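Data block below; observations after.
Laboratory data are not the source of any read-out in this text; all were calculated from the coordinates shown. From a predicted model like this one, the values you see are computed outputs, not experimental measurements. All Cβ positions, even for glycine, are placed from backbone atoms using ideal geometry, and neighbour counts span all protein chains on display.
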Amino acid sequence: MGKKVVLNAASDVAPLATPGEPPRSSMGPMYELIGEHHMGTLAEKFVAPVSNLQVIRDDQEPTEAAAFGLTFLTAYSMIRTKANLLPGQSVLITGIGGGVALAALAIAKHLGCPVCVTSRQQWKLDRAKQLGADFGVLDAGQDWSKDVRAWSSGRGVDLAVDSSGKATHLKSIKSLARGGAYVTPGCTSGPDATTDLARIFWNQLRLFGSTMGTNAEFAEVVSLYRSGHLKPVVDQVIEASRGSEAYVRLAAAEQFGKIVVRF
């Protein structure tokens, strides 16, 4: 009945960098995203240029393949390309349980990095530790940067991956070591975060915004999936006829991993 493929969510043109842009950037002048600039892909079928398709082998499980693409491309681009995380460096990931956060955990552990995660729910911290997280902080609204720094022997972490935004930004900044990097792929708790510019310039911190990634980055991270080094966490598979249940579960923050809608 036709092959199943996993799609890079860029559409219309390949997101190639132009002169003057950062290396291997996704900021090409015609860079467009399905789901951002066009109707989303939560549909039985959609059309995209063949040059933007990345086929995952037919022998790989389709639910995993569907859950892999978006989150792992996003995490790989921000961790490896932008922040240039090196093996063994320490990492903080806020809001563990979300798809990008879990992808970041998997990539960081693949690089042999010690990882601290935060969550407002203890059971998510426990699940993350089963996946390799080294330390968990229960976020009850306190300044948990002190806990992160204590875990890192007072030094702070080399990288903070924060998709929450307003609620966790300043705590993440305060958790960083000198020369550390803060990277954000989103701001689910709000965009108007309070920061600490004195700490940023004095400690020579690096701040990165990241959205999706390039086709080249996608090919790299897919190769790690194909070789068995990376694997997505699937929370639930929900039939399209019950698709509204997926949104209810996401809104209640009950998920741990990706929710896959099956047509």
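Each residue of segment 243-253 is assigned a 3J(HN,Hα), and the resulting list reads x, 4, 5, 5, 5, 4, 5, 5, 5, 8, 6 Hz, derived from the Karplus form 6.51 cos²θ - 1.76 cosθ + 1.60 (θ = phi - 60°), x at Gly and Pro.
What's the FRET efficiency of PHE263 with ALA198 using the Cβ-Cβ distance as r and R₀ = 41 Å, to the nearest 0.05?
On the way: r = 52 Å, r/R0 = 1.26.
My answer for the efficiency is 0.20.
Of PHE263, PHE135, how do they rank once you tally other Cβ atoms within 10 Å and put the fewest first? Let's see the in-between values first.
On the way: PHE263 10, PHE135 19.
Fewest-to-most ranking of PHE263, PHE135: PHE263, PHE135.
In segment 78-231, the inverse of the mean reciprocal separation of distinct Cα atoms equals 15.4 Å; this is its Kirkwood hydrodynamic radius. Taking all Cα pairs closer than 8 Å and separated by 6 or more residues, the relative contact order of segment 86-209 comes to 21 percent. Under 16 Å from a label point 7 Å along Cα→Cβ of LYS129: give me every residue in segment 86-118 with its amide N that close. What the label zone holds, given the 16 Å backbone N cut-off, is 96-97, 115-118. Ranking of MET212, MET78 by neighbouring Cβ atoms within 10 Å, starting from the fewest: MET212, MET78.
Taking amide H as placed 1.01 Å from N in the peptide plane, the amide H of ASP139 sits under 5 Å from that of SER119, ARG120, GLN121, each at least 5 places away or on another chain.
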